[in-house]
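Novice: This is the structure, below, for whatever I ask next.
Every number in this text was worked out from the coordinates using simple rules, so none of it is lab data. Everything numeric here is computed off the predicted structure, so don't read it as measured data. Here Cβ is always computed from backbone atoms with ideal geometry, including for glycine, and neighbour counts include all displayed protein chains.
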Amino acid sequence: MEKTPLIVRMNEAKALSDEVRVFILDLLSKKPMSVHEIAEELRKKGMYKNINTIRYHIQVLKEAGLIDLVATKEVKGGVLKYYAAKKKVYPFEVPEDIVELLKPIAEQSYSSLKEIILDLVRNYKETIIKAARKLKPCPYCITKHFAEYIILEALRHALGKVIHDPEIRLELEKFKVEEEETK
């Protein structure tokens, strides 16, 4: 059975192990916000967190490299800080049959992706080796698939650029997906 790659950066996995931090990252991917604005949005979703707890979550997300301080504003003798996401999170509960549902798309794109990956491996061998040497394996892992990780990471960054390309955004905006009604 083929195993679907799951790219895991240990610091990101730890930071996103709390659903409140996932929600905060999702909020900050839409627009920069202050801690107080985050608290208000959390309250709207029924998550009542005090300001110090939110500051703690912000610090964890910052240390993981998922958000940045993007602006400060002086307010009544204090400084209001605004944070924004550096990465987009897609927090979905995924049904078990999704792989089967997406099989035609995977089969359609297989040959094109295979050619892209072979091209990358053949033409960027030195870059891949150089980047792989910078990786530190998880102390619990037996296998060290450094080159695979580098290719997947490069493709993840490329996909991020492609998904934000104006032509792609225009096509994606044509989709109106409503949640299936639960019976």
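Novice: Can you give the alpha-carbon Rg of segment 13-60 over 2.2 N^0.38 Å, where N counts its residues?
Specialist: 1.02
Novice: Right, another one. Restricting to Cα pairs below 8 Å that are 6+ residues apart, what does the relative contact order work out to for segment 10-85? Please round to a whole percent.
Specialist: 37 percent.
Novice: What are the lysines whose alpha-carbon lies under 22 Å from the alpha-carbon of LYS114, with same-chain residues fewer than 8 places away excluded?
Specialist: Within reach: LYS3, LYS103, LYS125, LYS144, LYS161.
Novice: With only Lys, Arg, Asp and Glu charged, each at its Cβ (+1 for the first two, -1 for the last two), find how big the charge dipole of the chain is about the Cα centre; round to the nearest 20 debye.
Specialist: 1120 debye
Novice: What is the sum of charges around ILE168, taking Lys and Arg as +1, Asp and Glu as -1, for the other residues whose C-beta is under 12 Å from the C-beta of ILE168?
Specialist: Cβ neighbours under 12 Å give a net charge of -1.
Novice: Further, regarding this structure: Gain in length, TYR48 to ASP97, computed as 0.36 nm per residue apart minus the alpha-carbon separation, to one decimal in nm?
Specialist: Length difference between fully extended and current span is 14.2 nm.
Novice: Another question about this same structure. Across 5 Å bins from 0, what is the distribution of all Cα-Cα pair distances for the chain, in whole percents?
Specialist: Using 5 Å bins, I get a P(r) of 1, 6, 10, 14, 16, 16, 15, 10, 7, 3, 1, 0, 0 for the chain.
Novice: How high is the relative contact order of the chain, given as a whole-number percent (alpha carbon pairs under 8 Å, six or more residues apart)?
Specialist: Relative contact order here is 18 percent.
Novice: OK, next. Can you tell me the order of 27-39, 92-104, 160-172 when each peptide is scored by its average per-residue count of other Cβ atoms within 10 angstrom, highest first?
Specialist: 27-39, 160-172, 92-104
Novice: Where does the chain land at 222 nm, in deg cm²/dmol rounded to the nearest 500, when only DSSP H runs of n ≥ 4 count, each adding -39500 (n - 2.57), divided by all residues?
Specialist: Helices in the chain give a 222 nm mean residue ellipticity of -17500 deg cm²/dmol.
Novice: Hey, another quick one. Could you check the simple spin-label distance between ILE7 and ASP119, using points 7 Å along Cα→Cβ, in nm with one decimal?
Specialist: Result for the modelled spin labels: 1.8 nm.
Novice: Moving to a separate point now. Greater than 32 Å separation of Cα atoms is the criterion. Which listed pairs, LYS62/LYS136; LYS130/LYS174; LYS31/LYS130; LYS45/LYS136, meet it?
Specialist: Pairs exceeding the cut-off: LYS130/LYS174; LYS31/LYS130; LYS45/LYS136.
Novice: Something else now. Any chance you could give the angle, 0 to 90 degrees and rounded to 10, that helix 146-163 forms with the longest Cα principal axis of the chain?
Specialist: 60 degrees
Novice: Using the charge dipole of the chain (Lys, Arg: +1 at Cβ; Asp, Glu: -1 at Cβ; taken about the Cα centre), state which of HIS157, PHE175, GLY65 has its Cα farthest towards the positive end.
Specialist: Working it through, the farthest residue towards the positive pole turns out to be GLY65.
Novice: Where does segment 98-172 land on the Kirkwood hydrodynamic radius, alpha-carbon pairs, in angstrom?
Specialist: 14.7 Å
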